[in-house]
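Comments concern the structure below.
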Amino acid sequence: MADAFVDLRSDTVTRPTPGMREAMATAEVGDDVYGEDPTVNALEADVAALFGHEAALFAPSGSMANQIALQLLVSPGNELLCDADAHVVTYEIGAAAAYGGISSRTWPAVGADIDPEAVAGMIRPDGYFAVPTRAIAVEQTHNRGGGGVIPLATLRELRRIADDAEVALHCDGARIWHAHVADGVPLVEYGQLFDTLSVCLSKGLGAPVGSLVVGSAEKIERARLIRKRMGGGMRQAGILAAAGRYALAHHVDRLAEDHARAGRLAEAVAPFGVLAAAVRTNLVPLDLTKHALDARALAAAARDEGVLISVLGPRTARLVTHLDLDDAGVTHAATVLTRLLAA
Ligand SMILES: *Cc1c(COP(=O)(O)O)cnc(C)c1O
């Protein structure tokens, strides 16, 4: 359906490349619930090493990877702190409460511009009647924060605060690859700052399915049980893991192209006062509050001209660049959006 369109709705719309399909077709497989799929085992070992952790676990989705991590860190009735726009409290349909019995408390949405001291002030110790804080979650890059990158210094400060308070730190790293490419921070450096990370292969990296939870050997052993309990045990999953391994080998450095194309789209729309945040990675957030067109009207008009964009709210829209776009498509989208916004 989307073939006739320049699809800027999400980086999840990518389809496996011929090289990736070849890797999938020839993958060695076994029953991963028995721990016998060599391709899954290799992917898990590779990703653990990339982040400097002992172990990793392949999961069907980023949401499941996040929820497994949160259940590892926060026991029922205890508290998670995150921001009000975080994926874990916005787009996971109440899973932390429904499956983990986790109480979530949020700081006001500031995207990647976290104030560590404000977060420190929210931490509640164990005590009579209080809900004890057990973990803090951050998102790198920040999805609803327009693909913003949390600076390394902020993350280090959060780590210090978490250590002082003896609470855990989780990273929803669905697009941590983009932060790595944008800021040049080694993945292993991010890895050492967090107790657990979730990372997605099916967003910018272009694999069809799959995310991983990363952490200590002890945590990942427990994670394996939680995954099975949630129905996430997969059998010959090496076919999917092969796509992920291919993506890690071929599609990380090229994210710079997606960032450059997002920058071009941002430049095209900026003169109309609709850019919601400075564009650092592959997301271009649009704030149409002061524009004649609302988000649905803009999306409908763009669609008529072969460009698909996301509607995130009545006056909020989003453009996303990814592997399945080329320069010609991005040029067409920039032309169409410029014309519509100028009208
Ligand atoms: C996409 C995404 C996830 C995971 O989404 P799934 O669709 O469940 O794979 C988690 N966190 C963020 C920030 C995301 O953008």
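Assorted remarks:
- Checked against the criterion of being hydroxyl-bearing (Ser, Thr, Tyr) and either surrounded by fewer than 18 Cβ atoms within 10 Å (Cβ to Cβ) or closer than 19 Å to residue 65 by Cβ (or both), the stretch 246-257 contains not a single residue that satisfies it.
- Residue, farthest from residue 276 (Cα to Cα), within the stretch 113-163, restricted to residues that are β-branched (Val, Ile, Thr) and within 16 Å of the ligand (Cβ to nearest atom): 136
- Taken together, 65, 55 contain a single residue that is buried (at least 20 other Cβ atoms within 10 Å of the Cβ), at pLDDT 95 or above and within 30 Å of residue 313 (Cα to Cα), which is 65.
- Residue 204 vs. criteria surrounded by fewer than 18 Cβ atoms within 10 Å (Cβ to Cβ) and either assigned to a loop (DSSP other than H, G, I, E, B) or within 14 Å of the ligand (Cβ to nearest atom) (or both): no
- Selected residue (criterion: nearest to the ligand (Cβ to nearest atom)) from residues of the stretch 1-48 that are within 30 Å of residue 299 (Cβ to Cβ) and free of Cβ contacts under 8 Å to residues at least 60 places away in the same chain: 1
- Scanning the stretch 164-201 for residues that are in a loop (DSSP other than H, G, I, E, B) and within 16 Å of the ligand (Cβ to nearest atom), we see that the one that is farthest from residue 14 (Cα to Cα) is 194.
Residues checked against (1) of a type in the set (Val, Ile, Thr); (2) assigned by TED's automatic domain parsing to the domain that holds residue 181; (3) free of Cβ contacts under 8 Å to residues at least 24 places away in the same chain:
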position: 235; (1), (2), (3): no, yes, no
position: 245; (1), (2), (3): no, yes, no
position: 266; (1), (2), (3): no, no, yes
position: 295; (1), (2), (3): no, no, yes
position: 307; (1), (2), (3): yes, no, no
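The values are calculated or read from the model by the stated rules, or taken from the named source; none is laboratory data. Quick caveat, the model's predicted, so the values are computed rather than measured. Here Cβ is always computed from backbone atoms with ideal geometry, including for glycine, and neighbour counts include all displayed protein chains.
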